[in-house]
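The values are calculated or read from the model by the stated rules, or taken from the named source; none is laboratory data. Only a predicted model underlies this, so the values are computations on that prediction, with no experimental measurement involved. Reconstructed Cβ throughout: ideal geometry from the backbone, glycine too, with neighbour counts over all protein chains shown. Just so you know, the surface numbers come from the protein's heavy atoms only, side chains and all, with ligands and any DNA or RNA stripped out. Shrake-Rupley method; radii C 1.70, N 1.55, O 1.52, S 1.80 Å.
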Amino acid sequence: MTRVLGIHGVRNYKAADSTHRLGSARLRSDWLAALGATAAGLDLETAYYADLLRSEKQSAEPADEELALVEQWARVWGVDPSGAQGRATGWLRWICGQVAERTEQKPAVVEKSVKLFFPEVARYFATGRAPVRERVKASMLRHRPDVVVAHSLGSVVAYEALHHLAGELDVQLLLTLGSPLALPNAVFHRLDPGPLEGRGARPPGVLQWVDIADVGDFVAVPKGELARVFEGVEGRPEISIAPLWPHSVLDYLKHPAVAEAITAVNR
């Protein structure tokens with residue numbers, strides 16, 4: 001059987017996940033259901049770290065570090081963040097509205113993407129990187145996957161963990177879904193290891209790296225940039241998983257392009 005390790009993205013914490021093993025089991029069940037027939041012949045496990053990035057704060061107002069990331073994200077879309085006064089909910093809504101106009105998407109969809117994604121990204125880079133990466137590394141060493149499937153922020157964790165396990169694993173396929181790895185300043189320039197001369201590298205021990213991103217995914221930006229700024233990445237352009245919410249891991253897992261990439265290893 002082909003061993004597959006799934007690494008989730010943001011907003012995966014549930015109160016019922018009293019241990020990370022319970023969280024992993026829940027996600028594994030969800031991923032298997034989404035993969036459907038593709039799951040045949042796979043030994044799938046999931047690495048769960050959502051509990052390490054959950055916030056204890058009660059305020060709905062975004063923190064300064066989150067707004068700083070949003071500002072860098074906005075510039076990718078050609079939006080000048082100084083176009084609105086202040087840096088709070090109204091400013092954030094204005095930014096999302098500007099991006100929505102440029103992409104012909106509903107402002108509520110853009111705002112939802114931003115509010116789901118950036119808080120956990122900020123916590124990962126501020127305090128969560130070491131514990132999250134160590135837990136994922138432990139999952140990798142325990143399961144020794146042939147294929148690593150990493151979604152959203154999980155692709156950042158997978159990239160860093162695989163680099164830090166150089167010489168300890170042989171992975172046939174790294175499959176990234178809706179990845180923000182190429183997002184300048186907010187993510188790309190904060191990676192460990194960082195880019196050299198403006199380029200990232202395929203992790204040692206990874207034979208093939210395939211990146212899949214929905215054309216409307218607001219997290220996987222700049223569009224098509226990941227395959228240009230990282231060595232050895234095969235991009236899958238013009239993919240559409242779900243027009244109303246183009247960042248869901250379950251919709252990604254249901255897409256034929258994902259099935260094709262995994263089954264090519266599982267032959």
Task: Nitroxide proxy distance, nm - points 7 Å out along Cα→Cβ at Ser82 and Ala37 - done: 5.7 nm
- [ ] Write out the GluC sites (Glu not before Pro) in segment 229-267 meeting two conditions: DSSP loop, and at most 13 other Cβ atoms within 10 Å of their Cβ.
- [x] Glu231
TODO: Counting helices only, and only those DSSP H runs with n ≥ 4, report the 222 nm mean residue ellipticity of the chain as the sum of -39,500 (n - 2.57) divided by its residues, in deg cm²/dmol to the nearest 500.
DONE: -12500 deg cm²/dmol
Open item on the list: Given a 1.4 angstrom probe, what's the average accessible area per residue across the chain, in square angstrom?
Closed with: 44 Å²
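Can you put Leu250, Leu69 in order of accessible area, largest first, using a 1.4 Å probe? Could you put the intermediate results ahead of the total?
On the way: Leu250 65, Leu69 5 Å².
Final ranking, largest accessible area leading: Leu250, Leu69.
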Task: Difference of contour (0.36 nm per residue) and Cα-Cα distance, Glu197 to Arg93 - done: 33.9 nm
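Calculate the FRET efficiency for Arg75 and Arg228 from the Cβ-Cβ distance with a Förster distance of 22 Å, rounded to the nearest 0.05. Intermediate values should be presented prior to the final figure.
Working: r = 18 Å, r/R0 = 0.81.
Computed FRET efficiency for Arg75 and Arg228 comes out at 0.75.
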Open item on the list: Between Arg11 and His189, what is the label-point separation in nm under the 7 Å Cα-to-beta-carbon projection?
Closed with: 2.8 nm
- [ ] For segment 158-187 and segment 240-255, write down the distance between their C-alpha centroids in whole Å.
- [x] 21 Å
- [ ] Mind grabbing the accessible area of Lys137 for me, 1.4 Å probe, Å², rounded to tens?
- [x] 30 Å²
Open item on the list: Please list, by residue number, everything in segment 231-257 whose backbone N is under 12 Å from a paramagnetic label point 7 Å out along Cα→Cβ of Val215.
Closed with: 237-243
Open item on the list: Could you give the length gained by full extension between Ala257 and Arg54, i.e. 0.36 nm per residue of separation minus their alpha carbon distance, to one decimal place?
Closed with: 69.9 nm
TODO: Tally up the carbon and sulfur contribution to the accessible surface of the chain as a whole percent, 1.4 Å probe, everything protein left in place.
DONE: 51 percent
Open item on the list: Angle check, please: helix 129-143 long axis (alpha carbons) against the longest principal axis of the chain (alpha carbons), in degrees 0 to 90, nearest 10.
Closed with: 20 degrees
Open item on the list: Under a crude label model (7 Å from the Cα following the beta-carbon direction), how far is Arg144 from Ala242 in nanometres?
Closed with: 3.6 nm
Task: Label corresponding to Kirkwood radius over Cα pairs in Å when calculated from the structure given, among (i) 20.6; (ii) 19.3; (iii) 18.7 - done: (iii)
